[in-house]
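The values are calculated or read from the model by the stated rules, or taken from the named source; none is laboratory data. What you are looking at is a predicted structure, and each value in this text was computed from that prediction instead of being measured. Here the Cβ is made from the backbone with ideal geometry for all residues, glycine too, and neighbour counts use every protein chain on show. Just the protein is used for accessible areas: all its heavy atoms, side chains included, with ligands, DNA and RNA removed. Shrake-Rupley method; radii C 1.70, N 1.55, O 1.52, S 1.80 Å.
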Amino acid sequence: MRVKFWGTRGSIAKPGPDTTRYGGNTSCVEVRSSRGTLIIIDCGTGAHALGQSLLAANPKGIRGHILITHTHWDHIQGLPFFAPLFVPGNEWDIYGPKGLDDSVRESLAGQMQYTYFPVALDQFGAIVRYHDLVEGVFEIDGVRITTRYLNHPALTLGYRLEADGATLVYSTDHEPHSRTLAAGEGEITGQEERHAEFLRGADLLLHDAQYTAREYPAKIGWGHSPVEYAVRIAQHAGVAKIGLTHHDPMRDDQSLDQLVENLRAKLRNSGSKLEVFAAAEGMSIEVEPSLVQRPNSVAVDTDARSAITPAPADRSVVLAISDPAATATIAAAVEAEKVRLRTFSDASAIPEYLKTEPASMVVLDHRTPGVDGLAICKAIRNGTSADPQSLPVILLADSEDTAGGEAAGVTEWIVRPFSSAYVRTKVRTWTLRTACRWVRAAIPEDEEARLGTLRSLRVLDTKPEARFDRITRLAAALFDVPIALISLVDWDRQWCKSCCGLQAGVISRDESFCAHVVHDRQIMIVSDTLRDPRFADNPLVTNAPRVRFYAGAPLILDNGKCVGTLCMIDTRVRSLEGASIGLLQDLRDLAVQELQHTSG
Ligand SMILES: [Zn+2]
Ligand SMILES: [Zn+2]
């Protein structure tokens, strides 16, 4: 992999005589695999020059991927000025963390509203696809990408790229979970160990290093790392080379030189082999497999592209804090995230409560008169039936008890004083991280040809027709279901040619049950969606039309391409067997016949 830096500045662009060597543009990194796959990480102001250079070098068209860590301005401000997005014929995929309310697309569109920018997101000339990410792993043209939430006051993902035998990790914006580690000393446990695992054995680590340990105490909660911490965690993770990035706007070239020199001297004296440098605009390096010890890849097997449920009504925070001011701050943060709150005056009642009630997160006092947070945490870990390790327990304290917390199973510490924004991020990340029972259908292998066939039918977005409505009406009557559909699965949506019993004929592909049928190419019957881990948290199940039962048959045309389904939906638990399945197939065959007639 070849890495080139187009922007290394944090927070705000800072061009000028003091930053000529390391550069004034905000975050943007270009990565190329040996196969030529183009991946851009972050789109700060550095993206402008990158865009110009790509256009000059590729007059015939560009295919690329953009990974956004989060939507703070310094990571997206170059996007409206990234010219390759405006050129017809280019093709881009944009990936970013999925928030509670907004999709990546919506968040990016926000900065391009007319008040802020004259051209809207919809006016990109290139084909642009948006992908919402959670923690997990996915692949882009032979590059394996693992995502991990970072510690920042916005939902932020770090990216670990593995290709050609080499590993690159991009980890900004991030600050230590533990304040004791800020100066680069102390034991690495819990959340810090998890962060180290994400960085493990990287040949090149690009890490947030905005502050020094001396500056950090005034910047706690701002979401950035002191260099001493970045270097310490890199050493612990067996990283070969660390590139410091997200340079503070106040840091001039000379003081960056000095900073790196001091770090190198310290590493030399301690006999460490870790190489350190400060990332500079225009710098280009080859990431090659080094002789570091590392796992082949971080052990993650969930799909990062699986959409996570935004159903915040089903999320809840359990809170027992004696200090009324802290309770009010946390309650406001929970409310702002539209998550339910359950407060307890007696924290010792919580372990019993959790035995029957699900929660997304628990916040407790560490030590107040009559309360031992560690003991309660231990009781929660011992008592809850439903996978206790996956329930985040956060302790509020004046200082961390790292060892005690580790033993009791504490997930994280919030140390006083803390801002409400900080707690809000915690609530957001922890409630989102809870296991999600909603799986997006995979994309079929013959997707391109399949979409070609679908387009050639010329039926998408046409008016309702009696010959199709007849079939869905028959299905609804025969099977006594409230809803029957002839649905077509387009690249980003499910569109219904005929909907009997349903108003809206369009839903996103993420939510589509039929997309599963299109992928599997066989009849799918879901008797009870609430008992199916693929659908239980799907918004079509948790909200209107409250799908409880689904049966869909694939519409496979003569050329073998599956374009959609004939399906039935009920709000009651149902089953479908034997002869009934035969009837569904008969109706499906009629629908296929009508569809092919359209194109003929
Ligand atoms: Zn930033
Ligand atoms: Zn940020």
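General observations
- Of everything in segment 153-187 that is in contact with a His (Cβ under 8 Å, 6 or more places away or on another chain) and open to solvent by 10 Å² or more (accessible area, probe 1.4 Å), the residue that is modelled with the lowest pLDDT is Ala154.
- Summed over segment 19-54, residues that are within 26 Å of Gln210 (Cα to Cα), aliphatic (A, V, I, L, M) and either modelled with pLDDT under 95 or not in a strand (DSSP E or B) (or both) total 3.
- Subset of segment 240-261 [part of a loop (DSSP other than H, G, I, E, B) and either open to solvent by less than 10 Å² (accessible area, probe 1.4 Å) or in contact with a Phe, Trp or Tyr (Cβ under 6 Å, 6 or more places away or on another chain) (or both)]: His246
This table checks each residue for (1) within 16 Å of ligand 1 (Cβ to nearest atom); (2) open to solvent by 20 Å² or more (accessible area, probe 1.4 Å); (3) not small (Gly, Ala, Ser).
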position: Arg129; (1), (2), (3): no, yes, yes
position: Glu135; (1), (2), (3): no, yes, yes
position: Gln191; (1), (2), (3): no, yes, yes
position: Lys219; (1), (2), (3): yes, yes, yes
position: Ala234; (1), (2), (3): no, no, no
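- Being open to solvent by 40 Å² or more (accessible area, probe 1.4 Å), assigned to a loop (DSSP other than H, G, I, E, B) and farther than 14 Å from Thr8 by Cα is a property that Lys266 lacks.
Condition check ((1) modelled with pLDDT under 95; (2) hydroxyl-bearing (Ser, Thr, Tyr)) across all residues:
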| position | (1), (2) |
| --- | --- |
| Pro249 | no, no |
| Ser270 | yes, yes |
| Lys273 | yes, no |
| Val276 | no, no |
| Ser290 | yes, yes |
| Ala299 | yes, no |
| Ile308 | yes, no |
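Matching residues to (1) assigned to a loop (DSSP other than H, G, I, E, B); (2) aliphatic (A, V, I, L, M); (3) surrounded by fewer than 15 Cβ atoms within 10 Å (Cβ to Cβ):
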{"residue": "Pro444", "(1), (2), (3)": "yes, no, no"}
{"residue": "Glu448", "(1), (2), (3)": "no, no, yes"}
{"residue": "Arg458", "(1), (2), (3)": "yes, no, yes"}
{"residue": "Asp469", "(1), (2), (3)": "no, no, no"}
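- Single residue of segment 25-41 satisfying the filter (touching a residue at least 60 places away in the same chain (Cβ under 8 Å) and closer than 21 Å to Asp74 by Cβ) that is most open to solvent (accessible area, probe 1.4 Å): Asn25
- Test for Gly51: is it open to solvent by less than 10 Å² (accessible area, probe 1.4 Å), more than 16 Å from ligand 1 (Cβ to nearest atom) and under 29 Å from Tyr116 (Cα atoms): yes
- In this structure, Asp101 qualifies as more than 16 Å from ligand 2 (Cβ to nearest atom), surrounded by fewer than 18 Cβ atoms within 10 Å (Cβ to Cβ) and modelled with pLDDT under 95.
- Of all residues in segment 6-26 being polar (S, T, N, Q) and farther than 21 Å from Phe86 by Cβ, the one that is nearest to ligand 1 (Cβ to nearest atom): Ser11
- Every condition in (1) in contact with a strand residue (DSSP E or B) (Cβ under 6 Å, 6 or more places away or on another chain); (2) over 19 Å from His174 (Cα atoms) is met by Gly51 except one, and the failing one is (1).
- Looking across segment 106-117, the residues that are open to solvent by 70 Å² or more (accessible area, probe 1.4 Å) and either at pLDDT 85 or above or of a type in the set (Ser, Thr, Tyr) (or both) come down to Gln113, Tyr114, Thr115, Tyr116.
- Filtering segment 55-69 to residues that are within 16 Å of ligand 2 (Cβ to nearest atom) and not in a loop (DSSP other than H, G, I, E, B) leaves only Leu67.
- Residues in segment 70-86 that are more than 8 Å from ligand 2 (Cβ to nearest atom), in a loop (DSSP other than H, G, I, E, B) and either more than 19 Å from Pro97 (Cα to Cα) or open to solvent by less than 10 Å² (accessible area, probe 1.4 Å) (or both): Gly78, Phe82.
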